[in-house]
Every structure is written in C-alpha cells, then in structure tokens.
C-alpha cells in the first residue's frame, strides 16, 4: 500500500510539472518538466514551500487564458495589460470561450486540495538526483562554453537564459518584458519632444490630396482582391490602381507595427529595432509644406497613452471618434463610417497646400461581430469568421465612400490602403487571434487608388514594412536624403526584398521565412 501511494505521489508530481509548463505558456521540454518535478519532491514536503507552490500554481491557472492565446510573458502581453482600460479588459473577457473560465476554476480547486492533502515524496537515491541535475545543467554549461561570457553579469545572464525552470522563467520574462516596455515607452516620450530630422531634398507632389487608410487586423488571404472566394472587396477588386501582393508587416500587433510602418526604423543591432517616432510620415509631411490631418476611430486613452496617439499628436488637425477610451463602452455604436463626415467637412474647406489625410480604422479588430455596423453579409458556417469576412466588406465599402467624397469635391487624389497586421487561426479554425508565430499574421494588403483611374496593375513582390515611411514619402512626391530602394525606385519598380525580418513578442527580430504557415481553410 505504501509503495502504491509513493508511486501515485510521484505521478502527481510529474503531472503537476507538465501542467505548470503548459499553463505558463512555455513549450514542453524535458528539462523544464524535470526541474519542476525535482523542486516539488525536494521542497513541497515542507509546509512553507508547499503553500508557496500552491500559490504559484494558482497564479499559473489564472494566467492560463493569456498563456493559451499569447504564450509566456512578453512585450505584447505587458503592452496590452498596461495600455488597456477596464472596459477593454471586459471586452477581452467576453471573447474567451467558456472553458477559459471553467478550466482555471477547476484547476484552482484541484491545486488547493493537492497542496493541502497530498503527501509529497522524497528521493533517497542521490545518484539519480545527481544525474538528473546534470541533465538540467547541460544547456547552461553548453551556452557558457559556446559564448564564453567573461563577466559575472554575463555569466549569470547566460545561465538564467538557458536554465529552463518555468517558475524562474516566468518571473524573469515578466520582469524583462516590463523593463523593455517601460524603456521603449520612455524613449518614445523623449522622441516626441523632437521633430523630423530626415533631410528633405525636394517636394513635388503629383496630386493635391493624399489619403492613407490604415486598416486593422486584416490578412490579405481573406480578401477577394487577393483571391478569397467570397467577394468581400468588390470595389477594391474593380477600382484599385495597384494591388500589391507582398507587404510584410513589421509586427503582429498594432502598437508594435504601426510605428514602424509610418516612422523611420532604427536598427540597434542584428536583434533589435526601434521606431524613431519623431521621423514619421506626419512630421515629414509637415516639413514638406503639407496640411496634415489624422482621423481616428481607434480612440485615445488619455492618461494611459499608447504609441499611435503619440504620432497622431504631430498632425495639425486631429479628430477622434472616441475621446477618452480605445475600445470601451463609449465606443459602442461608433463605427468607421463616423470618419466619413469629417472627411467631407475638411475637404469642403479651401486649402492651397497639398493635404495628407490619415484615417485610422477599427476595421476587423477582434471581437469581429462587434465591429459590424450591419448584419453579416457572408455565411462561412462559423459566426466569428463570417463576421470577420463581413468586416472586411464594410472596410471595402468605407474605401468606396471615401473615394466618392474625394470625387464629390473634385479632388486630385491618391489613396493608399494597408493593414497594420494580420491574424492567425485558433480554436481549430473557429476564430482568429493575434499570434506572432505565423506568416499570415504579417501578410497584409497594400492597395493604391489614383485619380484619374488607370488600368489596374498587380504586383507580386515581397517587401518589408520596415522603412515603409520612405515608400510613403516617395509616393507623396517628397524626396528624402536616405539610401533606400523605396526612395530610389518608382513604386512599381521597387525590387523584391530578401531575408525580411519581423518583430516577435519579445521585441526581437526574427526571420519571416522561418515562421510557420497558417493557410486559409476557405481557399481550398
């Protein structure tokens, strides 16, 4: 009987070790599981550590919904937590499936029982312990031999980076991600005190009015303009001047991607890149003599400022549909179409200067069905994806309406539409969420509309969203003193780019080609 109880207690420790790694959002690895297992059999038999482990496991259960969708602690998670108000947290919670509430609740009950009632085992065979610990230390020792750190700090950092004990990893990742976020935020606040520092060589706009429409969470393979079988972009498909297949967004979430799309990117080394917020398309246009406008349906948090509003602040004319919140209660019923009367109004005012108008949409941001102004227009036998497909149709209708307003005021215009990032499937293709690990989270539309309308050109070239501000400047007839293909080639002649990198959720650069693929099941 005693042996059976001992065997069961060891099984419980192994089960808890596997479960902890999963709950905290880390990949299952032998050393992670083994270290957790040994920490339990070494320490959990002592009352203090047993209750400490119980608390840590309860925290892991509460983290499960975040870890399931977004992985272990990273900059994107810290940014979302720091820059989200209570109403948006409530909206996030309403998106979670029922089991994301049920599982943590059940686990908490189980953990309370286990850490109060279970008698944890101990191992007396020290040879087995020694071998197991050597296996766990293999990676840290290998890393020290490989990288040869020569200071106490670098040695410690190397060991911690390769010592895969999930509780330590979770605490370190939480600290490092928060530190990166706060450092980057402070740098951005410092930058906003400056203005554009990129030298302008010449200004020769070909059109009087330039409009940038920034879409939200749109992956191009869900657009009929890019071959999607449901016709949800009829206007774009028929009226676009250029449909570009190949823009790779810099990141898989709004706050990381947009600053790099419309601001100059500064590479710190081979692993990191930062956005120079003062060198953005608004400040460049201001210096080039444009009248600048920013019309946003994304909202401004006010006391909890986010990155994009810092760029918005440079515009000479600013309009938000949501004054105090990004996406809370006051945003309900505020659809992208509220930006259209503002466009109509500003175009009715006489202006001798060329104009740059940026329109930032809420578009297809999760929760998709809440973005719809009208009933879903497509039935994909799945509510979430039906709403997502229909939200893209409403964006296509928005672009059509915006261009009709430009025509109404006899504007000589050029319009560009692109999205900040895409999304990836989850719930066995039942939903779409932010996820940095898939190529489709970065493959976004890039579409131009010009007056007068010309024969449509389709371009199939992969280009990076980093330094995209140079392409936008060239499109506006602003020549900058920079070395870039975006500046030295006409739009349709820009060569395809190789070895494109993206920013992962640890704020590090990662090869786009190494990402996994997430095919659209409705294009089969």
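Could you list 141, 103 in order of exposure, starting from the residue whose Cβ has the fewest other Cβ atoms within 10 Å?
Values: 141 13, 103 16.
Lowest to highest Cβ neighbour count: 141, 103.
Considering the Cα trace of the range 2-184, what is its radius of gyration and what is Dmax, both in angstroms?
According to the Cα coordinates of the range 2-184, Rg and Dmax are 18.4, 56 Å.
Evaluate the range 207-517: find the radius of gyration of its Cα atoms, find its Kirkwood radius, and give the ratio Rg to Rh. Walk me through the intermediate numbers first.
Values: Rg = 18.1 Å, Rh = 19.5 Å.
On the Cα set of the range 207-517, Rg over Rh gives 0.93.
Determine the gain in length on full extension of the stretch residue 113-residue 272; use 0.36 nm per residue of separation and subtract their C-alpha separation, reporting nm with one decimal. All intermediate terms of the calculation are to be shown ahead of the outcome.
On the way: separation 159, 0.36 × 159 = 57.24 nm, distance 4.50 nm.
The span from residue 113 to residue 272 would gain 52.7 nm if fully extended.
Over the C-alpha atoms of the chain, what are the Rg and the largest Cα-to-Cα span, Dmax, in Å?
According to the Cα coordinates of the chain, Rg and Dmax are 26.0, 92 Å.
What is the gain in length, in nm to one decimal, between residue 513 and residue 229 on full extension, counting 0.36 nm per residue of separation less the C-alpha to C-alpha distance? All intermediate terms of the calculation are to be shown ahead of the outcome.
Values: separation 284, 0.36 × 284 = 102.24 nm, distance 2.59 nm.
Computed gain between residue 513 and residue 229 is 99.6 nm.
Going by how many other beta carbons lie within 10 Å of each one, how would you line up 220, 498, fewest first? Before the final figure, lay out the partial values.
Values: 220 26, 498 8.
Fewest-to-most ranking of 220, 498: 498, 220.
Measuring from label point to label point, each 7 Å out along Cα→Cβ, what is the residue 239 to residue 55 span in nm?
6.1
Starting from 0.36 nm per residue, how many nanometres of slack lie between residue 189 and residue 373 once their C-alpha separation is accounted for? Write out the running numbers ahead of the final one.
On the way: separation 184, 0.36 × 184 = 66.24 nm, distance 3.56 nm.
Gain in length upon complete extension: 62.7 nm.
Rounded to the nearest 0.05, what FRET efficiency is calculated for residue 137 and residue 313 with R0 set to 60 Å and r the Cβ-Cβ distance?
Rounded to the nearest 0.05, the efficiency is 0.75.
Tell me the mean residue ellipticity at 222 nm calculated for the chain from its helices only (DSSP H runs of n ≥ 4, each -39500 (n - 2.57), averaged over every residue, nearest 500).
Details: 17 runs with 231 residues, N = 524.
That calculation yields -14000 deg cm²/dmol at 222 nm.
Helix 86-95 versus the longest principal axis of the chain: what is the Cα-based angle in degrees, 0 to 90, to the nearest 10?
The two axes meet at around 80 degrees.
Which of 260, 409 has the fewest other C-beta atoms within 10 Å, and how do the rest follow up to the most?
Working: 260 25, 409 14.
Final ranking by Cβ density, sparse to dense: 409, 260.
Rounded, prolate or oblate: which fits the range 370-524, taking a ≥ b ≥ c as square roots of the Cα gyration tensor eigenvalues, rounded meaning a/c under 1.5, else prolate when a/b beats b/c? Walk me through the intermediate numbers first.
Details: a/c = 2.31, a/b = 1.14, b/c = 2.02.
Oblate is the answer for the range 370-524, as a/c is 1.5 or above yet b/c matches or exceeds a/b.
Return one number: the angle in degrees, 0 to 90 and rounded to the nearest 10, between the long axis of the Cα atoms of helix 30-43 and the longest principal axis of the Cα atoms of the chain.
50
Readers should treat all values here as calculations from the given coordinates under stated rules, not as data from a laboratory. Fair warning: this is a prediction, and the values are worked out from it, not measured in the lab. Ideal geometry is used to build each Cβ from the backbone, glycine not excepted, and the neighbour counts take in all protein chains shown.
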